[in-house]
Amino acid sequence: MPSPQLAVIGGGQLARMMQQAAIGLGIHIRLLAEAPDVSAAQVVPDHVVGDYTNLDTLRSVVAEAPVVTFDHEHVPPEHLRALQAEGHACRPGPHALLFAQDKAAMRQRLGALGVPCPRNAAISTRADLDQFGYPAVVKTTRGGYDGKGVWVVHTAADADEAFASGRVLLAEELVDFRRELSALVVRSPSGEMASYPVVESRQANGVCAEVVAPAPGLDPTLDAAARGIAERLAAELDVTGILAVELFETADGRLLVNELAMRPHNTGHWTIDGARTSQFENHLRAVLDLPLGPTGARAPWSVMVNILGGSVADLEAQRASVLAVEPDIKIHLYGKPVKAGRKVGHVTAYGDDLDIVTARARRAAAMFTDGAPQS
Ligand code: ADP
């Protein structure tokens, strides 16, 4: 086998979809997978199974690869600095990743940059929270995902679980938002940047349920402002690859940054089928410092709906029924065992009529979750 051009740390669905883009570009990826059967290990032949918190394991994976990128943001920064010192380019680098790993560091930096955020404060005691005031959103600064590590608190007692977690906590104002938006930008080490249309992201139980591209009815000045925030942050924080900026559009028409992700993001999955260049292809192009691809939409509307684990245990067996009902749906299954509420795939529909496109995507996803087609 030729030597790898890119090492990818983490074997989840994001790495799996990076491989899909790498095939076309002829990029040889070497993967570090958490277990032999994880999502990306099924499709990347050159993979090592091991622990991403072990520096020697990381060294063995990246040995022949000049560039390293990530499926997740959890690799210890000191290990990344060691790899950098040994001549590997980590994209994004640990100095940028900090702001996706630690919500307190992110809030502090964004505050210093004057980027609008919910009012927030570090809290270590109940007295701190009382002083911050209610209602509030209490979050662990590290390790949260899909709403785990986020508590909406109306009284001191609501924060029992948060304080019992023993984690470092941050309090934020409970934002009265109209909806959640996401602005994706991709940036190369040479500074080239491109931004995707701003999308609306809809959550259910703290998990992204569906994404509509572009965000329906978004005021053009807010669209430009959201893209501007994402581009400015990518440059100021020196992000390479995809940066996703999750935003609140407030009831009174302002934008506030919720959080940052520095990897391909669930709110960009629609780009595989709905944009001229997918976020995965542009992530690979960016981290390898290749020219970036155009980010415009292929159709007026794209709707991505996540397939969450439900009563259908065998997704592959359900494929034929879904395609019989929705022959024009784009199916992406992640090869993961079905567990209740877990993201096990997504579907995307695109076209000219938002209502029709939304109904098609929802129907296909529901068939993968619950079986029966919705009328
Ligand atoms: P995670 O890291 O788990 O994705 P987030 O910080 O993105 O956590 O929060 C998860 C969800 O909780 C958000 O998508 C949003 O719906 C809600 N949320 C988070 N922060 C606030 C806030 N300050 N005000 C209102 N809702 C919030």
Practice item. Please enumerate the residues belonging to the stretch 191-209 that are in a loop (DSSP other than H, G, I, E, B) and of a type in the set (Asp, Glu). Key: 192
Check your understanding: Of the residues that make up the stretch 126-137, is at least one touching a His at 6+ places or on another chain (Cβ under 7 Å), among the aromatic types (Phe, Trp, Tyr) and either surrounded by 13 or more Cβ atoms within 10 Å (Cβ to Cβ) or in contact (Cβ under 8 Å) with a residue 24 or more places away in the chain (or both)?
Key -> yes
Revision key, fill the gap. The correct count of residues that are within 12 Å of the ligand (Cβ to nearest atom) and not hydroxyl-bearing (Ser, Thr, Tyr) in the stretch 176-199 is 6
Exercise for review: Working only within the stretch 18-58, note down all residues that are of a type in the set (A, V, I, L, M), out of contact with any strand residue (DSSP E or B) (no Cβ under 8 Å at 6 or more places or on another chain) and part of a loop (DSSP other than H, G, I, E, B).
Suggested key: 38, 43
Check your understanding: Among the residues of the stretch 145-164 satisfying the criterion of being of a type in the set (Phe, Trp, Tyr) and part of a strand (DSSP E or B), which is modelled with the highest pLDDT?
Key -> 151
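For the stretch 115-122, indicate whether the set of residues that are of a type outside the set (Val, Ile, Thr) and more than 13 Å from the ligand (Cβ to nearest atom) is non-empty.
yes
Go through the stretch 41-89 and give me each residue that's acidic (Asp, Glu), open to solvent by 60 Å² or more (accessible area, probe 1.4 Å) and more than 19 Å from residue 102 (Cβ to Cβ).
Filtering the stretch 41-89 down to residues acidic (Asp, Glu) leaves 46, 51, 56, 64, 71, 73, 78, 86.
Still in the running and open to solvent by 60 Å² or more (accessible area, probe 1.4 Å): 51, 56, 64, 78, 86.
Residues satisfying the conditions are 51, 56, 64, 86.
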Check your understanding: Being of a type outside the set (Lys, Arg), open to solvent by 50 Å² or more (accessible area, probe 1.4 Å) and more than 9 Å from the ligand (Cβ to nearest atom), is that true of even one residue in the stretch 147-156?
Key -> yes
Exercise for review: Scan the stretch 115-139 for residues that are under 24 Å from the mean Cα position of the chain (by Cα) and outside any strand (DSSP E or B) and jot them down.
Suggested key: 115, 116, 117, 118, 119
Revision key, fill the gap. Checking 137, 199, 153, 207 in turn, the sole residue that is within 28 Å of residue 121 (Cα to Cα), in contact with a helix residue (DSSP H, G or I) (Cβ under 8 Å, 6 or more places away or on another chain) and β-branched (Val, Ile, Thr) turns out to be 153
Check your understanding: From 173, 161, which residue is more than 14 Å from the ligand (Cβ to nearest atom) and more than 22 Å from the chain's Cα centre (by Cα)?
Key -> 161
Practice item. Select from the stretch 90-147 the residues that are aliphatic (A, V, I, L, M) and closer than 15 Å to residue 72 by Cβ and list them in ascending order. Key: 96, 97, 98, 100
Check your understanding: Looking at 167, 109, 178, 142, which is the one that is touching a residue at least 40 places away in the same chain (Cβ under 8 Å), of a type outside the set (Gly, Ala, Ser), open to solvent by 60 Å² or more (accessible area, probe 1.4 Å) and part of a loop (DSSP other than H, G, I, E, B)?
Key -> 142
Check your understanding: Do we find a residue being within 16 Å of the ligand (Cβ to nearest atom) and open to solvent by 10 Å² or more (accessible area, probe 1.4 Å) anywhere in the stretch 237-247?
Key -> yes
Point to revise | Evaluation of residue 87 against (1) part of a loop (DSSP other than H, G, I, E, B); (2) more than 10 Å from the ligand (Cβ to nearest atom); (3) at negative phi (one fails), failing number | key: (3)
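Going through 169, 83 one at a time, which residue ends up being touching a Phe, Trp or Tyr at 6+ places or on another chain (Cβ under 9 Å), modelled with pLDDT of 95 or more and aliphatic (A, V, I, L, M)?
On inspection, the qualifying residue turns out to be 169.
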Point to revise | The listed residue being without any contact (Cβ under 8 Å) to a residue 24 or more places away in the chain and β-branched (Val, Ile, Thr), out of 356, 307, 331 | key: 356
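Could you list, in sequence order, all residues of the stretch 212-239 that are touching an Asp or Glu at 6+ places or on another chain (Cβ under 7 Å) and touching a residue at least 60 places away in the same chain (Cβ under 8 Å)?
Within the stretch 212-239, 212, 216 qualify.
Does at least one position in the stretch 94-108 carry a residue that is within 26 Å of residue 335 (Cβ to Cβ) and of a type in the set (A, V, I, L, M)?
Yes: one or more hits.
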Practice item. Inspect all residues belonging to the stretch 254-273 and state whether any of them is farther than 11 Å from residue 183 by Cα, surrounded by 19 or more Cβ atoms within 10 Å (Cβ to Cβ) and among the small types (Gly, Ala, Ser). Key: no
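The values are calculated or read from the model by the stated rules, or taken from the named source; none is laboratory data. Note that the coordinates shown come from a computational prediction; the quantities given were computed from them, not determined experimentally. No Cβ is skipped: glycine too gets one built from the backbone with ideal geometry, and neighbour counts run over all protein chains shown. For accessibility, only protein heavy atoms count, side chains too; no ligands or nucleic acids. Shrake-Rupley method; radii C 1.70, N 1.55, O 1.52, S 1.80 Å.
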